Amino acid sequence: MTLQILDKTTTISEQRFLLPGYYTWEEFETIETLTADAAGLRITYLDGCIEFMTLGEQHETIKSVIAIFLALYFFEKGINFIPVGSATRRAKEKSASFEPDESYYIGEKKANPDLAIEVNITSGSIDKLEKYKRFNITEVWFWENNQFSLYHLKNDNYEQINQSELLPDLDIDLLASCVLMPYIIDARTAFIKSIKK
């Protein structure tokens, strides 16, 4: 008799939950400590609001593919960059703590990254741009509904833009179409061919 073990690994989809009520920074830190061992759980804090988010496979795939293509672009164009991924941005005095999905210093390291990218499979309820504004992130890109929405910080407010001001030669529509291609090798080929023109 042969014993068979079935693989019961399952993946979860992205989910967001806004915790009801108002929480002080100290209460947030306590909740953060209590949930520290919860794998795949991200916590955002802004002005007393706490949002939990699980990171599903679709979310992680998209953020990784975007990072791959941005790295290809930086290398191909000879742009110096420092990828810092989802490094936490937090400050009690700013009443904010969050992790972008991807973030980059372009050129040299500064107080905060120049570019942050957030992948949203489900809608969130915390003001997405406010948390970035508190840390003076120059440009924020959101991936929602299979497309990018870009915002650039000007005069202490974000303005929606159609083209990156940090990376003015990057074809955002090309990047989005490559992210959506079913085979990453084909997408890489199309992306490299286009940016070499």
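A short reminder: the numbers here are calculations on the coordinates, not readings from a lab. Quick caveat: nothing in here was measured; it's all calculated off a predicted structure. Neighbour counts run over all protein chains shown; Cβ positions are idealised from the backbone, glycine included.
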Single unsatisfied condition, Ala91 versus (1) out of contact with any strand residue (DSSP E or B) (no Cβ under 7 Å at 6 or more places or on another chain); (2) surrounded by 20 or more Cβ atoms within 10 Å (Cβ to Cβ): (2)
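Mind listing whichever residues of the range 53-73 are touching a residue at least 24 places away in the same chain (Cβ under 8 Å), among the hydrophobic types (A, V, I, L, M, F, W, C) and either outside any strand (DSSP E or B) or surrounded by fewer than 17 Cβ atoms within 10 Å (Cβ to Cβ) (or both)? Walk me through it before giving the result.
Within the range 53-73, the first condition is being touching a residue at least 24 places away in the same chain (Cβ under 8 Å), and the residues that meet it are 53-59, 62-63, 65-70, 72-73.
Pick out the ones that are also among the hydrophobic types (A, V, I, L, M, F, W, C) and you get 53, 55, 62, 65-70, 72.
If the condition is that a residue be touching a residue at least 24 places away in the same chain (Cβ under 8 Å), among the hydrophobic types (A, V, I, L, M, F, W, C) and either outside any strand (DSSP E or B) or surrounded by fewer than 17 Cβ atoms within 10 Å (Cβ to Cβ) (or both), then Leu55, Ile62, Val65, Ile66, Ala67, Ile68, Phe69, Leu70, Leu72 are the ones that fit.
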Step by step: first the residues of the range 155-197, then only those that are surrounded by 16 or more Cβ atoms within 10 Å (Cβ to Cβ) and hydroxyl-bearing (Ser, Thr, Tyr), then the one that is nearest to Asp127 (Cα to Cα). Which residue is that? Tyr158
Only one of (1) within 26 Å of Glu93 (Cα to Cα); (2) more than 14 Å from the chain's Cα centre (by Cα); (3) of a type in the set (D, E, K, R); (4) not in a strand (DSSP E or B) fails for Glu159. Which number is that? (4)
Restrict the check to the range 136-143 and report whether at least one residue is buried (at least 18 other Cβ atoms within 10 Å of the Cβ) and in a helix (DSSP H, G or I). no
Read through the list (1) outside any helix (DSSP H, G or I); (2) within 18 Å of the chain's Cα centre (by Cα), then give the number of the only condition that Cys178 fails. (1)
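Hey, can you tell me all the residues within the range 23-39 that are assigned to a loop (DSSP other than H, G, I, E, B) and within 23 Å of Leu129 (Cα to Cα)?
Our first condition is that a residue be assigned to a loop (DSSP other than H, G, I, E, B); within the range 23-39, this holds for 23-24, 35-39.
Of everything in the range 23-39, those that are assigned to a loop (DSSP other than H, G, I, E, B) and within 23 Å of Leu129 (Cα to Cα) turn out to be Tyr23, Thr24.
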